[in-house]
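The values are calculated or read from the model by the stated rules, or taken from the named source; none is laboratory data. Note that the structure is a prediction, hence the values are computed from the model and not measured. Ligands, DNA and RNA are excluded from the accessible area calculation, which covers all protein heavy atoms including side chains. Shrake-Rupley method; radii C 1.70, N 1.55, O 1.52, S 1.80 Å.
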Amino acid sequence: MSHPVYDPFDAAFQENPYPAYSWLRDHDPVHHHPADSRAPAFWALSRFADVWDAVRRPEVFSSASGLTFFRDEIGQLGLPPTIVMLDPPVQTQLRALIGRGFTPRRVALLEDRIREFVRGRLAGVAVRAADGLSVDLHHDFSATIPTWVLAELFGLPESDRERFGPWVQTLTRLQNDGFDTSGLLGAGAGVQVIGEMFEYFTAAIAAARSDPGDDLLGALVTAEIDSERLTDWDILGFCFVVVAGGTDTTASLISHTVQLTGAAPAQRALLVDDPSLVPDALSECLRLESSVQGLARTTLEDVEVEGVRIPAGEKVMMLYGAANHDPREFGETADRLDVRRQAPRHLAFSSGPHFCIGSHLARLQARVGIEELLAAFPQVDVDAAAGVRHHSAFVRGWVSLPAELGQPAVPPGSSG
Ligand code: HEM
């Protein structure tokens, strides 16, 4: 085959999926991927309009059979389905209750503490660099922020926080790498980590029920609509999605933003000169390098897309990463970074009923991280060729990304 091929398990595809996405959008927008030794057959939608439409029709494209190519992932997890694997109306009700606890206001209150943490982190990174040690932007900086923020949000005591980091790492690894070769949970270690995490959160929820504090768990146990409350299982499921889906995604957004703007100095200069552009720049970088490249749905009935009939009961990948580069939506410059683009919509947080409930928290952390990093080290750049990526058909992000901090900024008012 002489054209770029969509093979989600192939390392070369994962390294640079965009040529294959472009081919799919133009020539095979409703792609049927045959079964092979790695996964059962599935379909893939790549045009923006088709993915946008499908994720907003949960009555046809259901999340209740899981979000990967595999058929029995929820059973393999041994857990009740979490919010992201439920369909309306049950999901709608659960989401409303969670929304009562997890409000934009609660998130906004974290800003000063996040900034303080980020400054401390940057000081540590600067010391490493000054000592001549190598700096790994992803590991030493980006990934530390969401892990710390979640521990803070959940109100975990300082003494318990050391346990939180390894949970995040294991769940991220399982989710990113474990999916591909052996279904959702190939490794027994993963099941053990999930068990540990659930035991911990079960106790934390019980403590919050008897004495609700002013933290997220306190807010979730007291959230009420028409005398409906969240059950322990609902809250546990939410904790699981947040730890697995809200950490590495946010870290990758920060790392990708440094990478993309480092490779486009004129764009970087715009941000350094005018930090009020950072929110738009983050949105643009998330569009170009979407942390979640794709998740599946299952058809509940026969459906026609672009003139192709997809039968009921089939897995269909929503290729967010391909949709977000579609020139039919973003014009001829769709592949190009433009921190002032202000695209009115993209699909990096999905759309419709499962639109990311943590998007405001992700944006806040990434904004503070990038504002502080560029204020301290405006020339920071990464060596992507020496970096290590996740090998995943579903997410795009770094495990390790060596960086040069460059000259520190001269503090305002200093004569030097
Ligand atoms: C840049 C960072 C993030 C990205 C790219 C991202 C992406 C997404 C996407 C694409 C979905 C939809 C899943 C689907 O299509 O089935 C989603 C759902 C979700 N996200 Fe995020 N997410 C991010 C950060 C976060 C954070 C920080 C949190 C929480 C603290 C979070 C919590 C959730 C939850 C609970 C859902 C399920 C919502 C529902 O099913 O109603 N995410 N996210």
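Here is how the numbers come out for the structure above:
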quantity	calculated
Sequence-distant residues sharing a close amide H with V292 (under 5 Å, placed H)	R396
Where the chain is the region considered: accessible area per residue in Å², 1.4 Å probe	43
Amide H contacts under 5 Å for V135, placed H, 5+ residues apart	A403
The chain, relative contact order [Cα under 8 Å, separation at least 6], %	26
Per-residue HN-Hα couplings for region 336-350 [Karplus 6.51, -1.76, 1.60; θ = phi - 60°; Hz; x = Gly/Pro]	9, 6, 9, 5, 9, 4, 6, 4, x, 7, 8, 10, 5, 9, 6
Under the Debye formula (equal points on every Cα, no solvent term), log10 I(q)/I(0) of the chain at q = 0.13 Å⁻¹	-1.19
Karplus 3J(HN,Hα) series, Hz, for region 301-318 with 6.51 cos²θ - 1.76 cosθ + 1.60 (x for Gly, Pro)	8, 4, 9, 10, 10, 6, x, 9, 8, 9, x, 5, x, 9, 7, 10, 6, 8
Relative contact order, percent, region 235-321 [alpha-carbon distance under 8 Å, six or more residues apart]	24
